[in-house]
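Here, each number is a calculation from the coordinates, and none is a lab measurement. This structure is a prediction, so every number in the text was calculated from the model and none was measured. Here the Cβ is made from the backbone with ideal geometry for all residues, glycine too, and neighbour counts use every protein chain on show.
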Ligand code: HEA
Ligand code: HEA
Ligand SMILES: [Cu+2]
């Protein structure tokens, strides 16, 4: 391979990216060296197995990815602002929407939910960490390796350009001969394995590590949502693993799973992809539902309405999510029996989702609603998500979908659910739990500005897209000539810019608050916290709970406060903690090398990396490290007793 | 935590004497395998029926393994263990039958 | 803060208006020009009416709750009651959405089956080949072939037989009816019909790479007499389609001009793509046509 | 705390610590995921089994004897693996190790047969995974199972070493128990390969 094939060349944007990557790396190295922070970075972050730190790293990565995905989105919107634009060429546009979709779902939404889960779920159930802290770190570093692999495709070798769905035969070696598609396959594969491990980890954590007395039905709603999400992850991700592996075999070793010749079946890719892909959209939205549940009840000062119904509806969504996948290819011509079955199963999901919406409304009804920033995002979620959801139901009617499929109507639908559901939820969670981890709130006034810019911009961007779809505008076109579409497209672009401004305000909000916001270190900064995390000091000590409380009811903190009881009490005992380990980080790096070698088909790189992976695992198997104990004196000092 | 550990293990069957459970399980699995072979090669039933029966026999063998070898019912987490496996089986069936359902209709679809 | 609810209502309103006023000519999907598109249009309207009920209920309830129960300086000492469950209410908001779903599911199933029913009138058959990135139409009965445009008789069903050379495209003429994928190695069928003469936009609607945005075609519906006349004239005047020419056309590349031929390509060219599947079809009984 | 054995605990060692209980539960969940993973390969195989693209068909390839021996080896190894755990529960370290070694040998025998079968197809019949969709799905399905057995064997070796080094502790017994679960699971998957791939392939 020649060097100029290795590095992507010929485009000013790419060179700008090259330069900015090099500059960023130099800047990071310089800052770390100047402040003598290398050791700190290694001991405090890279080797950590603490769920809180891992959660923070996930969220940081997610925000970065959201920035890059958002820039991609803006670039697309500029290109589509008017007919016949010459801003991006076809090849470029195709790469951009592919990376936008993949980044946003796999490398923004997923780490964001994992971040939220990591920081909040163990605290909510009174655990000192997740069930397998070491594995948790490994999951993060696998995700990170996958994300890096996917991102460097932009400057080394070329980006994938067959859409985030990567349909065969387009994604086959014949039609996408470059390495871009390999990046897609390996980026997703690595992070997917990490996600699967996280799913198991969270399930066991929830099943086995709850505080005494916390029965399943006394578990907070966010934790419930995590539990159900984890179930979906565990059973959906293996499908992705297989699909990706088979396509890799097709591309690299000449098998015939999805090829047209040799008797393969391209349709099977669609089939497997969506068997994972549909559950995936609920994987990202259910934790957001969990966050909304917590926020709504905190800021309405009311217990969540219909706890039981909320749990049952999530369970129903989980089961249904596995039997609706064909709605993504109603137009394949599988005949009326198949289409009818999947139409009905899809529409049925509206019922449990509706139960959740109405329960949130009922929680607010007769409450005392406080318009804090997390609550604003939650409130905006309800109407916007319902718009997205009901248009989903419209899509579910198969014959009608023949008209909407792959048009901007669909683009409108999924941004309404993804942004109003997932992005709003994650930002709400970020604002909500921020004071727990850092001991100060993010500035409310700036937060509100960011919210309004983003929310209005969001509606301006995506509402016109429904109408564009009905006007017959297909998705994934890099240009159009139809002048009738230009007004709405321009509106949409303006909206996207407003969202960008909103996002920048939020980033500034974080920066400003880190520097100037008053530190309060209150245990319950929102004055209305209901679940266990609000009973312990902020920022949370590294062992979380000095003593694990006995749980008798839902919302224990709220009721203990009302009754004037002290929830966390009793004698201190020494606490067992897992030791830090550098192996997950190193394994993540080796996996990166492994994936990178595969992308280019360099087996001299793959094979040693594979052996190194096996050795690391063996090392781990023979490692009998038992962790360490935190003694009572230290706890006393930290807790200030 | 420390206080409720003793109830964590629910004894399923005696594990001190002769391993009857395992021996019976082994014999069962041999018999089921043999039966499948017989149905397919010697029973004279039509191929599809014979294969259908052998798939049922295979499913029976899963239970033999799960219950007689893997002790799925033991420990306090037994409901969760079974749940994990049965939900896995449910999804696995969905994947297999769903793919056949959809692909078969795609392939035979022809108007009129 | 209640502004938000109003903002939401404001955004949904234009959509309603659009539908009600019938100012829809540019909105192709809402301007059906044939029975297939019309039945889909009716389903769309019906589904929209149903979800509009949901939207209105949720938005109104949302707005009222926000106005009524927001925190004000004068209600700071109000402590919300501790009710947590109300089975009657919960049943209501489970059953009513369920009924709405049923009300949508029934016509959905009916129309899904209805669209696959054999039309009363014998359709004319046109073979469609989606090549990257152009549309090829073969009229086996008329013995002619066109590229990037297709003439059809109005008032008469047309059965499009959908094939593809390399990638999976989607054949879509919004004003005449919904789309269907064209797949390599597998033939699909789609019946459309235009009520009256006119020109309708068609396009590929499934992403196939670089030239995808350019893969468009026109459907020209004519009175049956005119259609026959056009076919006869084409047969008489257009050049022949040679094998080499056809190979050149289906080669990957953008081709936006219209071409017309007085002879047709040999199906075996497309079939050669399918040959492996065909061979295997013999042994597995899947192929039942 | 997690690795702490309560005084007075009487059950099997592998369940004695919270860590042990959690790992075993986690492994069951992982097996649930493995069911799904294999089901995708089965779906692929079933859909593609007729697409031989002019290459050899299953009836031409599959051989009764080899398949039967493989099946018997694996069934027996599942049984001996069960016996190993049985001995472990009787706190008989030697019995445990011996049965594990027998299991391992049976597993290696199975692998040997399978590799021989693959080599026969590839070099004798010219049937590689690039020949047809049917063969792609055959090799990948059966090969994935084989790769699992290989990994399981390596893992079992490492556990045998640990048992020899450390004897029966809550940790080593937990590891042995988990590899046992894994091994039985592989047998379950083989039964389906046996039924759906080989039996069906020989008569259809
Ligand atoms: C978070 C992500 C998310 C969520 C939650 C959903 C939720 C839903 N989606 Fe969406 N969907 C996507 C993400 C999501 N989707 C993505 C990314 C794609 C496109 C992928 C691609 O092709 O690139 C897609 C595509 C997609 C399609 C394919 C269209 C096509 O390709 O032609 C369909 C079709 O049925 C569909 C339907 C639905 C339905 C019925 C729901 C339901 O779950 C919605 C349920 C919610 C409500 C209905 C609102 C609240 C309910 C009430 C207030 C009760 C009363 C309501 C009624 C009785 C109607 N979605
Ligand atoms: C969670 C998922 C998610 C999110 C949050 C978004 C967010 C956005 N998306 Fe995306 N989108 C998808 C998931 C998502 N999208 C998916 C899955 C697809 C399908 C891909 C495919 O077809 O394969 C898609 C496709 C898609 C298309 C269709 C492309 C096509 O089919 O041709 C468009 C077009 O408008 C679009 C736009 C946007 C915009 C404007 C945003 C905005 O919300 C983004 C807002 C912006 C920011 C948050 C960052 C702001 C950054 C700055 C302000 C920096 C400015 C600085 C510089 C410019 C240097 N998206
Ligand atoms: Cu879906």
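Please order A:475, C:258 by the number of other Cβ within 10 Å, starting at the fewest.
Details: A:475 21, C:258 12.
Fewest-to-most Cβ neighbours within 10 Å comes out as C:258, A:475.
Just counting partner chain Cβ atoms within 10 Å, what average do the residues of peptide C:209-216 show around their Cβ?
On the way: counts 11, 7, 2, 7, 10, 5, 2, 5.
That average works out to 6.
Describe numerically, in nm with one decimal, the distance between label points set 7 Å from Cα along Cα→Cβ at residue A:337 and at residue A:574.
6.8 nm
Provide the packing ranking of B:84-97, A:187-200, i.e. peptides ordered by the mean count of other C-beta atoms within 10 Å per residue, highest first.
A:187-200, B:84-97
Nearest 0.05, what FRET efficiency do residue A:611 and residue C:232 give at R0 = 51 Å with Cβ-Cβ as r? The partial results should precede the final answer.
Details: r = 73 Å, r/R0 = 1.43.
The formula returns an efficiency of 0.10 here.
Quick one: helix A:180-208 against the long Cα principal axis of chain A, what's the angle to the nearest 10°, folded into 0 to 90?
Rounded to the nearest ten degrees, it is 30.
Kindly express, to the nearest 10 degrees and within the range 0 to 90, the angle between helix A:335-348's C-alpha long axis and the longest C-alpha principal axis of chain A.
Once rounded, the angle reads 30 degrees.
Stick to Cα atoms and the Kirkwood definition of Rh, then tell me Rg/Rh for region A:452-563. Before the final figure, lay out the partial values.
On the way: Rg = 23.6 Å, Rh = 18.6 Å.
Checking Rg against Rh, the ratio lands at 1.27.
Can you list, bin by bin at 20 Å, the percent of alpha carbon pairs in chain A, starting at 0?
Histogram of Cα-Cα distances, whole percents per bin: 18, 55, 26, 2.
For region D:41-195, what are Rg and Dmax over the alpha carbons, in angstrom?
Rg, Dmax (Cα atoms, Å): 17.7, 57.
Please report Rg over Rh for region C:143-227, where both radii come from the alpha carbon positions and Rh follows the Kirkwood definition. Let's see the in-between values first.
Working: Rg = 12.9 Å, Rh = 13.4 Å.
On the Cα set of region C:143-227, Rg over Rh gives 0.97.
If you count, for each residue, the other Cβ atoms within 10 Å and average over each peptide, how do A:264-272, A:342-350, A:397-405 line up from highest to lowest?
Packing order, densest peptide first, comes out as A:397-405, A:264-272, A:342-350.
In nm², what is the average projected area of the convex hull enclosing the Cα atoms of region A:262-377?
Details: hull surface 35.0 nm².
Dividing the Cα hull surface by four gives the mean projection, 8.8 nm².
Let me have the relative contact order for chain D, percent, based on Cα pairs under 8 Å that are six or more residues apart.
Numbers: 205 pairs, mean separation 66.0, N = 204.
Relative contact order comes out at 32 percent.
Given the peptides B:24-34, A:172-182, A:619-629, arrange them by the average over their residues of other C-beta atoms within 10 Å, most packed first.
Values: B:24-34: 17.2, A:172-182: 20.3, A:619-629: 12.9.
Ranking, from highest mean packing down: A:172-182, B:24-34, A:619-629.
Roughly how large, in nm² to one decimal, is the mean projection of the convex hull of the alpha-carbon atoms in region C:91-166? Walk me through the numbers before you get to the answer.
On the way: hull surface 32.9 nm².
Projected area, direction-averaged: 8.2 nm².
Eigenvalues of the Cα gyration tensor times 5, then square-rooted: what semi-axes does that give for the protein assembly as shown, in whole angstrom, largest first?
Working: eigenvalues 469, 343, 158 Å².
Here the semi-axes work out to 48, 41, 28 Å.
Using only the alpha carbon atoms of region A:491-641, find the Kirkwood hydrodynamic radius as the inverse mean reciprocal pair distance, in angstroms to one decimal.
Values: mean 1/r = 0.0478 Å⁻¹.
Result for region A:491-641, one decimal place: 20.9 Å.
First measure r as the distance between the Cβ atoms of residue A:623 and residue B:41, then evaluate 1/(1 + (r/R0)^6) with R0 = 45 Å and state the FRET efficiency to the nearest 0.05.
Computed FRET efficiency for residue A:623 and residue B:41 comes out at 0.35.
Work out the mean other chain Cβ neighbour count within 10 Å for the residues of A:344-352 and drop it here as an integer. Before the final figure, lay out the partial values.
Numbers: counts 7, 1, 2, 9, 5, 1, 7, 9, 2.
Going residue by residue through A:344-352 and averaging, the value is 5.
Per-residue ellipticity at 222 nm for the protein assembly as shown, helices alone: DSSP H runs ≥ 4 residues times -39500 (n - 2.57), over residue total, nearest 500 deg cm²/dmol?
Only helices count here, giving -21000 deg cm²/dmol.
Nearest 10 degrees is fine. How inclined is helix A:486-516 to the longest principal axis of chain A, computing both from alpha carbons?
On a 0 to 90 degree scale, this one is about 30.
Take the Cα atoms of region C:124-280, find their three principal axes, and give me the spread along each one in whole Å, biggest first.
Its Cα atoms span 42, 32, 30 Å along the three principal axes.
Provide A:437, A:112 in ascending order of the number of other Cβ atoms located within 10 Å of each residue's Cβ, fewest first.
Taking fewest neighbouring Cβ atoms as first place, the list is A:437, A:112.
Can you pull the one-decimal nm distance between simple spin-label points at residue B:59 and residue B:28, each 7 Å off the Cα toward Cβ?
Distance between label points: 1.6 nm.
Please report, largest first and rounded to whole Å, the three semi-axes of the ellipsoid equivalent to region D:106-204, where each semi-axis is the square root of five times an eigenvalue of the C-alpha gyration tensor.
On the way: eigenvalues 219, 41, 19 Å².
Ellipsoid half-lengths, sorted descending, are 33, 14, 10 Å.
I'd like the mean, over residues of A:84-97, of how many other protein chain beta carbons sit within 10 Å of each residue's own Cβ.
Numbers: counts 0, 0, 0, 0, 0, 1, 7, 2, 0, 2, 5, 0, 0, 1.
Mean shielding count: 1.
What ranking of D:81, A:616 emerges when the number of other C-beta atoms within 10 Å of each C-beta is taken as an exposure proxy, fewest first? Intermediate values should be presented prior to the final figure.
On the way: D:81 31, A:616 17.
Ordered by Cβ neighbours within 10 Å, fewest first: A:616, D:81.
Under a crude label model (7 Å from the Cα following the beta-carbon direction), how far is residue A:550 from residue B:93 in nanometres?
Distance between label points: 4.4 nm.
Specify, per residue and in Å³, the volume enclosed by the convex hull of the alpha carbon atoms belonging to region B:19-60.
Working: hull volume 1.8 nm³, N = 42.
Per residue, the Cα convex hull of region B:19-60 comes to 43 Å³.
Can you tell me, using C-alpha contacts under 8 Å and at least 6 residues apart, the relative contact order of chain A as a whole percent? Intermediate values should be presented prior to the final figure.
On the way: 1019 pairs, mean separation 108.3, N = 641.
The value is 17 percent.
Rounded to the nearest angstrom and ordered from largest down, what semi-axes does the equivalent ellipsoid of region D:1-85 get from its C-alpha gyration tensor (root of 5λ)? Before the final figure, lay out the partial values.
Details: eigenvalues 368, 73, 7 Å².
Listed largest to smallest, the semi-axes of region D:1-85 are 43, 19, 6 Å.
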